[in-house]
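Q: Structure incoming, see below.
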């Protein structure tokens with residue numbers, strides 16, 4: 001099961017992160033000017049989602065929040081550009097009220113979408129500026145989304161398969177010391193009209209992530 005694979009892989013990444021941390025802590029300290037080309041770590045945060053769809057002739061505006069958790073790998077291409085690979089458990093939840101007597105085929109006016117995704121993502125990173133204490137960056141990329149569980153009373157999502165979203169954002173890496181850093185990201189996720197329906201569905205999300213990373217070199 002992909003969800004079990006995610007849990008096992010995430011725990012392995014966390015253990016590897018702290019294992020690398022202990023090795024670096026016990027080894028010789030690196031010079032502060034040393035290149036920091038590769039890193040790995042884990043993150044969590046909050047996704048603030050907004051969605052709009054039509055049901056029974058009425059437009060429904062929906063909002064919701066969800067809490068992802070995952071791991072990442074940072075790599076360098078050159079001093080100005082790099083890349084980031086991520087995998088995460090990414091829930092998607094929104095709800096809202098319809099002006100009609102019913103939402104979809106249900107008998108309630110409360111519309112909702114609840115999907116639990118396993119996500120695999122990649123992003124190109126542009127380093128805006130950096131020094132020994134911090135690095136400011138901008139990024140853009142995409143995430144493939146594999147639904148694990150899915151329910152909705154407003155959309156026909158029973159046949160929904162793999163989806164994706166596009167993402168752009170800015171981030172700040174705050175160095176704790178030569179080995180550890182704290183990444184903070186603020187981004188926007190755009191979901192194309194990916195649901196197999198005729199409800200004119202569209203959605204946009206704001207993402208806030210914070211994590212813990214360790215430099216591998």
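Q: Using R₀ = 30 Å, calculate the FRET efficiency as 1/(1 + (r/R₀)^6) where r is the Cβ-Cβ separation of residue 172 and residue 142; round to 0.05.
A: 0.85
Q: Based on the alpha-carbon gyration tensor of the range 148-192, what equivalent-ellipsoid semi-axes (square roots of 5 times the eigenvalues) come out, in whole Å, largest first? Mind dumping the intermediate values first?
A: Working: eigenvalues 260, 33, 16 Å².
Calculated on Cα positions only, the semi-axes equal 36, 13, 9 Å.
Q: Please arrange 172, 145, 40 by how many other C-beta atoms lie within 10 Å of their C-beta, fewest to most.
A: On the way: 172 15, 145 23, 40 19.
Listing 172, 145, 40 from fewest to most nearby Cβ atoms yields 172, 40, 145.
Q: Let me ask you something else. Rounded, prolate or oblate: which fits the range 70-114 when a ≥ b ≥ c are the square roots of the eigenvalues of the alpha-carbon gyration tensor, with rounded for a/c under 1.5 and prolate only if a/b beats b/c?
A: Verdict is prolate for the range 70-114.
Here, each number is a calculation from the coordinates, and none is a lab measurement. This one's a predicted model, so the numbers in the text were calculated from it and none came from an experiment. Every residue, glycine among them, receives a Cβ derived from its backbone with ideal geometry; neighbour counts consider all protein chains shown.
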